[in-house]
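As structure tokens, the structure follows; a few thoughts come after it.
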Amino acid sequence: MIENTTKPPIYSKWAILGFCMFFSPIFGGVLLRQNLVDIGKRKEAILVLPISVIMAIFAAIIASMPFGGFGVTAVVNFIQGALLVEVYFRRHFQDEEEYPKKRIAKPFAISMLIVLVLTILLILTGGALPNKV
């Protein structure tokens, strides 16, 4: 008797790392959480979002320091994404090559929409404008 061993599609570790680096660790954490839910590891999925939120708060604190800026934030996000991928993803997806990969078009569109809305809100409230002397 042949057993059906088809595995559900997941987001690749490169997709998770890219979303962490270019958006925020929260975005990568959402993708990783979805992967864990898709394979039935709901308990493990619960921890991913708080960890990624803590990472995003850390990145925001680093970015607000005098030496902070886009470059520093990108490096910090990359390191945090690498931690999510190399520790959490690798622990639960040791056989990653056997999983089909999901397309990132939908999460990318949602992420861009979120960033656009937040940018518009910052501009409308004056939060993104420099202080006038």
Problem set entry | Only listed residue being modelled with pLDDT of 85 or more, assigned to a helix (DSSP H, G or I) and farther than 20 Å from residue 101 by Cβ, chosen from 49, 31, 17 | 49
Problem set entry | Residues (crowded, with 17+ Cβ neighbours inside 10 Å, at pLDDT below 90 and within 20 Å of residue 24 (Cβ to Cβ)) located in the range 85-104 | 88, 89
Problem set entry | Residues satisfying the stated conditions in the range 35-53, i.e. surrounded by 14 or more Cβ atoms within 10 Å (Cβ to Cβ) and either hydrophobic (A, V, I, L, M, F, W, C) or in contact with a strand residue (DSSP E or B) (Cβ under 8 Å, 6 or more places away or on another chain) (or both) | 35, 36, 37, 38, 39, 45, 48, 49, 51, 53
For this session: State yes or no: is residue 107 surrounded by fewer than 12 Cβ atoms within 10 Å (Cβ to Cβ) and modelled with pLDDT of 90 or more?
Result: no
Seminar exercise, completed: Every listed condition ((1) of a type outside the set (D, E, K, R); (2) exposed (fewer than 12 other Cβ atoms within 10 Å of the Cβ); (3) in a helix (DSSP H, G or I); (4) modelled with pLDDT under 85) holds for residue 61 save (4)
Seminar exercise, completed: Among (1) surrounded by 14 or more Cβ atoms within 10 Å (Cβ to Cβ); (2) under 25 Å from residue 94 (Cβ atoms), residue 22 falls short only on (2)
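Residues are listed down the side, and each one gets a yes or a no for (1) touching a helix residue (DSSP H, G or I) at 6+ places or on another chain (Cβ under 6 Å); (2) touching a residue at least 60 places away in the same chain (Cβ under 8 Å); (3) acidic (Asp, Glu):
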| residue | (1), (2), (3) |
| --- | --- |
| 31 | yes, yes, no |
| 38 | no, no, yes |
| 70 | no, no, no |
| 77 | yes, no, no |
| 81 | yes, yes, no |
| 88 | no, no, no |
| 96 | no, yes, yes |
| 113 | no, no, no |
For this session: Report whether or not residue 73 is hydroxyl-bearing (Ser, Thr, Tyr), closer than 22 Å to residue 127 by Cβ, at pLDDT below 90 and surrounded by fewer than 21 Cβ atoms within 10 Å (Cβ to Cβ).
Result: yes
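The values are calculated or read from the model by the stated rules, or taken from the named source; none is laboratory data. Everything numeric here is computed off the predicted structure, so don't read it as measured data. Virtual Cβ from ideal backbone geometry, glycine too; neighbours counted across all protein chains shown.
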